[in-house]
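K.L.:
Shown below is the structure under consideration.
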């Protein structure tokens, strides 16, 4: 049974439109993360959170907002989607930041046209 | 400077052969190091992790990795690969989260 789920699994958006990606975890983990993966590259951290109602910037936060309304849910928001934000987005959770194993969702493929 | 470097973008081996995937890290302290595997169109799954102690760590499906502080390396090994091992493998340093670019492993029958 999947412990980290993401919705939608794929999405086509228009440039300038608003996109919301959702993530839900049942691991009872404090930490949640949003990454993007571009073809042929590793994952880059966009935002993360260690407690509900609080988010932190990762390495590439520009153009993205995050929301953590509860321990289980973590959303990534693109207020004005751009072509450069076409990528696969992964959500993950862990019980610790530094040494905790991360558990990943299946990913969301976002195509911005 | 890249914090985690995987110098081989693609590695091709024959089924039954041994395997080494290379990972070099940059960190002055004691790193937390992980290897994850990504199968096509799926999320990442943990293979193994190193925090401290024995430099050789065992993981799932016969994988192991060896930490070397002197070489700043954390290479992944497997004695005999199977076609189902074909995937992308990521080395990750977790003190502050850095992913390598990944190595695509292709196992030929």
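The values are calculated or read from the model by the stated rules, or taken from the named source; none is laboratory data. Only a predicted model underlies this, so the values are computations on that prediction, with no experimental measurement involved. Every residue, glycine as well, gets a Cβ built from its backbone with ideal geometry; the counts of neighbours run over all protein chains shown.
K.L.:
Please state which one of B:14, B:18, B:28 is more than 14 Å from chain A (Cβ to nearest Cβ), in contact (Cβ under 8 Å) with a residue 24 or more places away in the chain, exposed (fewer than 14 other Cβ atoms within 10 Å of the Cβ) and out of contact with any strand residue (DSSP E or B) (no Cβ under 6 Å at 6 or more places or on another chain). Show your work before the answer.
P.N.:
Values: B:14 fails: out of contact with any strand residue (DSSP E or B) (no Cβ under 6 Å at 6 or more places or on another chain); B:28 fails: in contact (Cβ under 8 Å) with a residue 24 or more places away in the chain.
Residue meeting the stated conditions: B:18.
K.L.:
Still on this structure, please answer the following. What number of residues in region A:49-83 are more than 14 Å from residue A:18 (Cα to Cα) and either more than 14 Å from every other protein chain (Cβ to nearest Cβ) or touching a residue at least 24 places away in the same chain (Cβ under 8 Å) (or both)? Show your work before the answer.
P.N.:
Taking region A:49-83 and keeping what is more than 14 Å from residue A:18 (Cα to Cα), we get A:49-62, A:67-74.
So of that shortlist, the ones also either more than 14 Å from every other protein chain (Cβ to nearest Cβ) or touching a residue at least 24 places away in the same chain (Cβ under 8 Å) (or both) come out as A:49-55, A:58, A:60, A:62, A:67-74.
Residues in region A:49-83 being more than 14 Å from residue A:18 (Cα to Cα) and either more than 14 Å from every other protein chain (Cβ to nearest Cβ) or touching a residue at least 24 places away in the same chain (Cβ under 8 Å) (or both): 18 in total.
Conditions tested, residue by residue: (1) modelled with pLDDT of 95 or more; (2) part of a strand (DSSP E or B).
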residue: A:12; (1), (2): yes, yes
residue: A:34; (1), (2): yes, yes
residue: A:41; (1), (2): no, no
residue: A:63; (1), (2): yes, no
residue: A:77; (1), (2): yes, yes
residue: A:96; (1), (2): no, no
residue: A:111; (1), (2): yes, yes
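K.L.:
Do we have residue A:20 as in contact (Cβ under 8 Å) with a residue 40 or more places away in the chain, within 13 Å of the chain's Cα centre (by Cα) and closer than 22 Å to residue B:88 by Cα here? Working first, answer last.
P.N.:
Values: in contact (Cβ under 8 Å) with a residue 40 or more places away in the chain: yes; within 13 Å of the chain's Cα centre (by Cα): yes; closer than 22 Å to residue B:88 by Cα: no.
Spelling it out, it is not the case that residue A:20 is in contact (Cβ under 8 Å) with a residue 40 or more places away in the chain, within 13 Å of the chain's Cα centre (by Cα) and closer than 22 Å to residue B:88 by Cα.
K.L.:
Go through region A:84-105 and give me each residue that's crowded, with 18+ Cβ neighbours inside 10 Å and either at positive phi or away from every other protein chain (no Cβ under 13 Å) (or both).
P.N.:
If the condition is that a residue be crowded, with 18+ Cβ neighbours inside 10 Å and either at positive phi or away from every other protein chain (no Cβ under 13 Å) (or both), then A:85, A:87 are the ones that fit.
Conditions tested, residue by residue: (1) away from chain A (no Cβ under 14 Å); (2) within 11 Å of the chain's Cα centre (by Cα); (3) surrounded by fewer than 16 Cβ atoms within 10 Å (Cβ to Cβ).
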| position | (1), (2), (3) |
| --- | --- |
| B:63 | yes, yes, no |
| B:70 | yes, no, yes |
| B:74 | yes, yes, no |
| B:77 | yes, yes, yes |
